[in-house]
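To keep things clear, I will list the structure first and then write my remarks on it.
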Ligand code: TXA
Ligand code: MG
């Protein structure tokens, strides 16, 4: 199907937690709700990244998500709810004490939980798994849209499969123009990286994907150390051994460089003789003396990973529009939110090609 993709902007003054009722009466949300109830897909802002939503209980609607994104059918979707009551309909069995604790601490917000799935959710949504990933987003537009749709929404990030996730409505338009009927524009996403996916069905909690809620924050609530980073990659794309798919990658090759070594960075840039965009922390940028300023892109301060998270996908997308042979990105210490940033950057990176 070829759509005339419409972008409808939300007045930023309405994007407040206590204004969901007013939001539901805006043109954008009324239209969004109608499309979703008719089995169409709609792109919408969340606090993490833009999502591409469809009725999670309707297999035809969910199939449209896979088609628009070009997403492999063995990669399951997260189901988004606006009320706790909705969770009971889509999971099988009750909630454990641990789940309740996590929900109390982090919902609405960037935490996705894994549950045994109920038969209300079709197989396509969970890619045939017997579990379902569920999250209650914090963004008022996302919550209002779920209410307008009157059903839980399956929603992956609203990018073309494999490309960096969208944090602006324009990013969604770039990737999905003509493939979806509506983009609700709520401005820039606050966090800029996807939710943390955690499985607490077993006694040992496992982070399947690091994200907006940090390991450290989870450990405070769970009172235990969460293990096993290696499991992350294996579990994140089930039945996709060895990271079969490209993820978060710009078309321009991307390589990671060690932090805090301006001399070495200058050497690399000179040696390759390629047109290189250098994405570095503000601290490192300060130490680079011998490099064209317009090829240095500051991603934010090392002391403020929140700032880096918010910008990183946007920076990669922008650089991809320019004429670079290579994007070099400085590595961060993988702590706090930087753990999620480094997870995405490692997946975005190609094997070393120039050094
Ligand atoms: O922040 C987010 O989570 C965003 C916004 C739109 O809410 N959504 C998002 O969805 O990032 P997506 O599809 O791009 O990533 C979903 C991740 C994938 O890594 C998928 O494999 C994993 O969640 N996932 C989904 N269902 C799962 C399940 N039942 N078991 C294990 N992993 C699952
Ligand atoms: Mg995604």
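The values are calculated or read from the model by the stated rules, or taken from the named source; none is laboratory data. What you are looking at is a predicted structure, and each value in this text was computed from that prediction instead of being measured. Note that each Cβ is placed from the backbone with ideal geometry, even for glycine, and that neighbours are counted across all protein chains shown.
Quick notes on this structure:
- Check on residue 66, in a helix (DSSP H, G or I), within 12 Å of ligand 1 (Cβ to nearest atom), at pLDDT 95 or above and more than 22 Å from residue 110 (Cα to Cα): yes
- Looking across the range 1-27, the residues that are part of a helix (DSSP H, G or I) and under 22 Å from the mean Cα position of the chain (by Cα) come down to 12, 17.
- In the range 186-205, of all residues being more than 16 Å from ligand 2 (Cβ to nearest atom) and within 21 Å of residue 309 (Cβ to Cβ), the one that is surrounded by the fewest Cβ atoms within 10 Å (Cβ to Cβ) corresponds to 188.
- Looking across 225, 220, one residue alone is more than 29 Å from residue 7 (Cβ to Cβ) and at pLDDT 95 or above. It is 220.
- Lone unmet requirement of (1) surrounded by fewer than 21 Cβ atoms within 10 Å (Cβ to Cβ); (2) in contact with a helix residue (DSSP H, G or I) (Cβ under 6 Å, 6 or more places away or on another chain); (3) outside any helix (DSSP H, G or I) for residue 52: (1)
- The helices (runs of 4 or more DSSP H) located wholly in the range 106-205 that include 1 or more residues which are modelled with pLDDT of 95 or more and more than 30 Å from residue 319 (Cα to Cα) occupy 123-126, 140-149.
- Residue check: residue 62 meets all listed conditions (1) buried (at least 22 other Cβ atoms within 10 Å of the Cβ); (2) away from ligand 2 (no atom under 16 Å from the Cβ); (3) closer than 25 Å to residue 174 by Cβ; (4) more than 17 Å from the chain's Cα centre (by Cα) but one, namely (2).
Let's see how each residue does on (1) free of Cβ contacts under 8 Å to residues at least 24 places away in the same chain; (2) buried (at least 18 other Cβ atoms within 10 Å of the Cβ); (3) under 17 Å from residue 209 (Cα atoms):
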{"residue": "275", "(1), (2), (3)": "no, no, no"}
{"residue": "287", "(1), (2), (3)": "no, no, no"}
{"residue": "290", "(1), (2), (3)": "no, no, no"}
{"residue": "296", "(1), (2), (3)": "yes, no, no"}
{"residue": "299", "(1), (2), (3)": "no, yes, no"}
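- Failed item in (1) within 16 Å of ligand 2 (Cβ to nearest atom); (2) crowded, with 20+ Cβ neighbours inside 10 Å; (3) assigned to a loop (DSSP other than H, G, I, E, B); (4) on the phi < 0 side of the Ramachandran plot, with residue 213 passing the rest: (1)
- Residues satisfying the stated conditions in the range 326-355, i.e. within 26 Å of residue 217 (Cα to Cα) and in a loop (DSSP other than H, G, I, E, B): 331, 332, 333, 334, 335, 336
- Condition check for residue 133: within 16 Å of ligand 2 (Cβ to nearest atom) and buried (at least 23 other Cβ atoms within 10 Å of the Cβ): yes
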